[in-house]
Amino acid sequence: MGTWERLRRVAWPLAAGMLVAILLTSSNADAAWIVFGAVAIVALAMSAAAGRARPRLGNAASGGEATASGLPVSARDVFERLPDPLMLLDASERVVFANRAMRAVIGVDAERKHVSSLLRTPAVLEAVRRSAARGEPTSVEFTFPVPIQRTYQAYIARIAGGPVATILLLHDLTAMKRAEQMRADFVANASHELRTPLAALSGFIDTLKGHARDDMAAREQFLGIMTVEAERMRRLIDDLLSLTRIEQNEHVPPSGETSLETVLREAMATLMPLAKAEGISLEMAAAPGMPPVAGERDELIQIFQNLIHNAIKYGKPGGHVWLSLGLAAAPGGRGAEQMLAAGIRDDGEGIPQNAVPRLTERFYRVDVKRSREKGGTGLGLAIVKHIVNRHQGRLTIESMPGEGSTFTVYLPAARPAGAVTEMS
Ligand code: ADP
């Protein structure tokens with residue numbers, strides 16, 4: 001084999017690997033992708049070099065040998081394993097190769113088919129043509145509406161003088177778009193929630209400046225309502241700040257060890273006056289000898305304050321709220337791990353079955369008016385969910401409309417039950 005031929009064999013996989021790396025680094029890809037691109041370059045270069053050194057064995061294609069499509073086997077293997085969909089086209093825009101991820105997107109055997117019969121999105125086809133005409137890389141965002149709406153960014157680049165003329169890589173933006181939409185909805189909801197009490201406050205200020213100026217009785221009444229509305233705004237801002245702080249720390253494992261029984265008793269003591277005012281009895285039954293949980297005391301207290309507060313708010317006037325603490329298997333049969341289970345049960349109005357899965361969504365309320373009357377912000381259970389996640393716990397909700405609800409928080413023990421603590 002001549003020197004020129006050897007160079008060609010090394011150059012193709014190297015160029016392909018570099019292209020993949022360039023495409024990946026330019027696609028807002030995370031570090032893992034960039035590393036993957038770098039590994040691809042090295043793997044391709046090494047296999048090409050091995051292909052040069054290795055003697056030919058029969059007809060078996062070695063790392064540097066070309067397949068029927070003209071692609072070296074090693075390059076094909078690397079492309080096949082890329083998690084992002086990749087398609088290589090020849091000069092007539094027919095598919096030379098489509099990797100597994102791309103086959104999952106287009107759902108058919110693509111080899112030798114024209115790109116327009118596989119990706120029927122005019123924007124992508126136009127970008128392929130533009131890239132071919134100008135020889136420059138292009139990128140275009142597009143959406144597949146069915147079966148489930150997915151949004152991709154397509155990166156298209158030209159390669160001159162080989163079996164492959166165009167490389168088309170898709171980057172899935174669906175999760176990012178969904179997160180963007182959720183952020184926008186959250187801001188819209190938060191503004192709406194704040195605007196309502198603000199509008200009430202402005203209205204009463206105008207009234208007090210106008211015709212109620214000299215009406216002492218009306219003034220007292222309006223100032224009372226204004227205090228309630230200002231309180232609502234303060235609670236909402238406190239909950240929004242709590243939620244943001246907890247979300248920021250969600251991936252940081254909690255430090256410290258805490259007795260869950262002490263946490264439950266503290267939360268219960270804080271809410272006892274409210275329970276008494278509503279004529280609700282608040283009781284607790286805790287199994288003895290519970291191991292501590294790994295967790296931040298203040299965050300855990302917030303979980304149980306929110307849950308007990310809800311049990312009182314949506315409980316039966318003159319009814320009961322029962323707190324329980326014991327050991328239980330992880331819910332949903334996940335692992336054999338024993339967890340601490342803290343339950344809050346009420347005998348109140350209960351929750352309709354279809355609402356249960358949505359309760360931990362921000363601002364979701366079964367009855368908005370009733371939640372507002374009770375001073376709710378619609379963020380309490382969202383806060384609970386995030387704190388439970390941070391503590392690697394689980395939250396389950398069981399409810400029977402008309403009979404009551406049970407919210408159970410499962411938290412992993414900091415050490416096995418009965419383990420001896422070594423004191424230094
Ligand atoms: P809110 O501030 O409205 O109480 P949460 O996030 O704490 O917000 O709760 C969301 C919704 O879940 C409530 O508005 C209510 O409809 C329902 N909910 C929560 N706890 C209970 C409960 N113990 N019984 C019945 N419904 C409940």
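All of the numbers you see were taken from the coordinates with simple rules; none came from a lab. Fair warning: this is a prediction, and the values are worked out from it, not measured in the lab. Cβ coordinates were reconstructed from backbone atoms using ideal geometry, including for glycine residues, and neighbour counts include every protein chain displayed.
Need the full-extension length gain, Ser202 to Glu266, defined as separation in residues times 0.36 nm minus the C-alpha distance. One decimal, nm. Show your work: numbers first, answer last.
Working: separation 64, 0.36 × 64 = 23.04 nm, distance 3.84 nm.
Separation in residues times 0.36 nm, less the Cα-Cα distance, equals 19.2 nm.
Among rounded, prolate and oblate, which fits the stretch 231-331 when a ≥ b ≥ c are the square roots of the eigenvalues of its C-alpha gyration tensor, a/c under 1.5 means rounded, and a/b larger than b/c means prolate? Please report the intermediate quantities before stating the final value.
On the way: a/c = 2.26, a/b = 1.08, b/c = 2.09.
Oblate shape, in that a/c is at least 1.5 and b/c is the bigger or equal ratio.
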Charges at C-beta only: +1 for Lys and Arg, -1 for Asp and Glu. How large is the resulting dipole of the stretch 243-311 about its Cα centre, in Debye rounded to 20? 180 debye
So for R0 = 51 Å, FRET eff. of Met182-Met216 from the Cβ-Cβ r, to 0.05, ends up at 0.60
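Taking Cα pairs under 8 Å and at least six residues apart, what relative contact order does the stretch 242-322 come out at, in percent? All intermediate terms of the calculation are to be shown ahead of the outcome.
Details: 81 pairs, mean separation 34.5, N = 81.
Contact order relative to length: 43 percent.
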Short version: ³J(HN,Hα) in whole Hz for each residue of the stretch 296-301, in order, from phi by Karplus 6.51 cos²θ - 1.76 cosθ + 1.60 (θ = phi - 60°), x for Gly and Pro, what are they? 8, 4, 5, 5, 5, 4
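Regarding the stretch 176-309, what's the average projected area of the Cα-atom convex hull, expressed in nm²?
Values: hull surface 49.7 nm².
Taking a quarter of the hull surface, the average projection is 12.4 nm².
For a protection proxy built on the mean count of beta-carbon atoms within 10 angstrom, sort 94-100, 401-407, 181-187 highest first, please. Spell out each step's value before the answer.
Values: 94-100: 20.6, 401-407: 17.3, 181-187: 11.4.
Top to bottom by mean Cβ count within 10 Å: 94-100, 401-407, 181-187.
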Unsatisfied cross-links (Cα-Cα over 31 Å) in the set Lys316/Lys385; Lys177/Lys316; Lys209/Lys313; Lys209/Lys369; Lys209/Lys374; Lys276/Lys369: Lys177/Lys316; Lys209/Lys313
Could you let me know the centre-to-centre spacing of the stretch 134-171 and the stretch 294-343, using Cα atoms, in angstrom? 50 Å
Around Phe222 (Cβ within 14 Å, Cβ-to-Cβ, excluding Phe222; K/R +1, D/E -1) the net charge comes to -2
Between Asp367 and Asp298, the FRET efficiency computed from the C-beta separation at R0 = 41 Å comes out, to the nearest 0.05, as 0.85
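So for the stretch 181-252, what percent of the C-alpha to C-alpha distances run longer than 22 Å? Walk me through the numbers on the way to the answer.
Numbers: 1029 of 2556 pairs.
Within the stretch 181-252, distances greater than 22 Å cover 40 percent of Cα pairs.
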